[in-house]
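Some notes on the structure that comes next.
A short reminder: the numbers here are calculations on the coordinates, not readings from a lab. The structure displayed is predicted, hence computed values, not measured ones. Note that each Cβ is placed from the backbone with ideal geometry, even for glycine, and that neighbours are counted across all protein chains shown.
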Amino acid sequence: MPEIQTHGTVTQASPLRVLCDGATVDSSAAVLNAATYALNQRVTITTRDPLVPLVIGAES
Amino acid sequence: MQSLTQAPRQNLTAAQVKSLITGSQVQITPGLELLDGNNNFVGDISSTLVSGTVERNCLAAIHGTCNLVLEGAVGWGVDRLRPFMVLSNGKISARFNLGVFVIQTPVANLAENPITYSVTGYDLLCFLDVPVGDTYAVTSGTTYFTAIQSIISALNIGSNLYLDGTLQSSTLPNDMVWALTPGSTTTWLDIINDLLGSINYRNLWADENGNFRSTPAVLPSTRAVEWILDTSDNTQNIVAPKRDVTSDVFDAHNWWRFVRTPMTTKPVEGAGIYTVQNTSTGRTSQTALGRTIKAPVQFLTAADQTSLTAQGNAIVAADQRVSRTFTISLDPLPVAGHLDIVQFKDNGSSDICQVDSWVTDLMGKSSQWILEAVNA
């Protein structure tokens, strides 16, 4: 279960869903410390197949 | 292992089939069939078959391969070929299918007339061993069986899927996501095996007719023996005289810890953690080696603690049994299947073994088998 960091876009704020860059299919996602994100916000994601990806912060 | 009396030899008794396999006055005739995209018979092309072998490495990603020499071209990468053998003693004959393969790497020998093609084929898992190329998600509440069936149906491989029904109602407790990442090499086979592993089923395999199969993972030492190889039984022995046994206790583990993932609460022993110690059993135990040798802690995707324990036990069993392997040559045993269990009797000793790999020569020559002792 290697973890890889990548980038993505929020496709739904609550419950959180993200679209990894390059993908056409979004998925549910988890967050660190109950952070909240807005629709279309650019985010950094840690993937950890086959667990749901983890959003670790917003892109500045 | 294939049943002795399954189709296409269902008209024979088990004793008759066994007598053909172990008999001395038996003629072996190789054959080759062309199949369509649904594994249906198209034509017999046995006349183009010059020679060949069928191999199975049960521990590889794609288990089955064939190496054939053909006197004619087929649709490389598209057409499916099914090698088979017919064993006959002049009174009865039995046919054994040996797998369905897609030919991927033809090498044409232009110096020969007619031109011959040396080709390697892979079993139908090769259609699943391709990158997904996107994020793939299975939502909680979906049954594992439905998730696997959906993938195979969508890929239009044309093979039947036979899953043992024990856990057919089991559903995903959480979403499972294989996210697209830079350099992602996640394959459909990875996803299916992740799903199967979550419910402690064996990795998917393709059988002798190109059907996909999986069953619950059971410790090899507790499975029934499917064939007895007895070097002292001159009437039925098919083991060649040269045979080797390799013993290896280097870096043998005797402590294992498994952690279930995902967990919504802190994993503790018995609820999210499963630790195994081999203090006194066998030649790799803590007592026998005089020290504790820890295996790297493994994080396993498990539906529940039961699955974590079962997956952990399977890993421990696999880790322990690599201490002895037998490399032997066998006359053709065309009922060979996937991870078969055999009893190997040799020089007064008797071992229950899992077959890790085998080779069947279509012309009937003796070929190499590798057995792992599982009764350590």
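Return a yes/no flag: does the range B:127-136 have any residue that is touching a strand residue (DSSP E or B) at 6+ places or on another chain (Cβ under 9 Å), within 30 Å of B:S3 (Cβ to Cβ), of a type in the set (F, W, Y) and touching a residue at least 24 places away in the same chain (Cβ under 8 Å).
Looking for residues that are touching a strand residue (DSSP E or B) at 6+ places or on another chain (Cβ under 9 Å), within 30 Å of B:S3 (Cβ to Cβ), of a type in the set (F, W, Y) and touching a residue at least 24 places away in the same chain (Cβ under 8 Å), one finds at least one in the range B:127-136, hence yes.
Which residues, counting only those in the range B:141-171, are away from every other protein chain (no Cβ under 14 Å), farther than 17 Å from B:D207 by Cα and surrounded by 20 or more Cβ atoms within 10 Å (Cβ to Cβ)?
Of everything in the range B:141-171, just one residue is away from every other protein chain (no Cβ under 14 Å), farther than 17 Å from B:D207 by Cα and surrounded by 20 or more Cβ atoms within 10 Å (Cβ to Cβ), namely B:F145.
Which residue is farthest from A:E3 (Cα to Cα), if the candidates are limited to the range B:195-205 and must be buried (at least 20 other Cβ atoms within 10 Å of the Cβ) and of a type outside the set (S, T, N, Q)?
B:W205
Residue by residue through the range B:8-33, note down the ones that are farther than 25 Å from B:L70 by Cβ, surrounded by fewer than 15 Cβ atoms within 10 Å (Cβ to Cβ) and under 24 Å from the mean Cα position of the chain (by Cα).
Residues satisfying the conditions are B:Q10, B:A14.
Can you pull out every residue in the range B:300-318 that is surrounded by fewer than 18 Cβ atoms within 10 Å (Cβ to Cβ) and over 26 Å from B:V355 (Cα atoms)?
Answer for the range B:300-318, where residues must be surrounded by fewer than 18 Cβ atoms within 10 Å (Cβ to Cβ) and over 26 Å from B:V355 (Cα atoms): B:D304, B:Q305, B:T306.
Just checking, which of B:T235, B:T246 is touching a strand residue (DSSP E or B) at 6+ places or on another chain (Cβ under 6 Å), among the β-branched types (V, I, T) and in contact (Cβ under 8 Å) with a residue 12 or more places away in the chain?
B:T246
Residues that are within 14 Å of chain A (Cβ to nearest Cβ), in contact with a helix residue (DSSP H, G or I) (Cβ under 8 Å, 6 or more places away or on another chain) and farther than 23 Å from B:W369 by Cα: list the strands (runs of 3 or more DSSP E) wholly contained in the range B:58-140 that include at least 2 such residues.
B:136-138
Say we look at the range B:180-224 and pick out the residues that are under 14 Å from the mean Cα position of the chain (by Cα) and among the acidic types (D, E); which of these is farthest from the other protein chains (Cβ to nearest Cβ)?
B:E208
Consider only pairs whose beta carbons are under 8 Å apart and that are at least six residues apart or on different chains; among these, list those whose first residue lies in the range B:23-39 and is of a type in the set (D, E, K, R) and whose second residue is surrounded by fewer than 17 Cβ atoms within 10 Å (Cβ to Cβ) and not in a loop (DSSP other than H, G, I, E, B).
Pairs that qualify, where the first residue is of a type in the set (D, E, K, R) and the partner is surrounded by fewer than 17 Cβ atoms within 10 Å (Cβ to Cβ) and not in a loop (DSSP other than H, G, I, E, B), are B:E33/B:F41; B:E33/B:V42; B:E33/B:G43; B:E33/B:D44; B:E33/B:S46; B:D36/B:V42.
So which pairs qualify, if the first residue must be in the range B:144-160 and free of Cβ contacts under 8 Å to residues at least 12 places away in the same chain, the second must be among the polar types (S, T, N, Q), the Cβ gap must be under 9 Å, and the two must be at least 6 apart or on different chains?
Pairs that qualify, where the first residue is free of Cβ contacts under 8 Å to residues at least 12 places away in the same chain and the partner is among the polar types (S, T, N, Q), are B:T146/B:T171; B:S150/B:T142.
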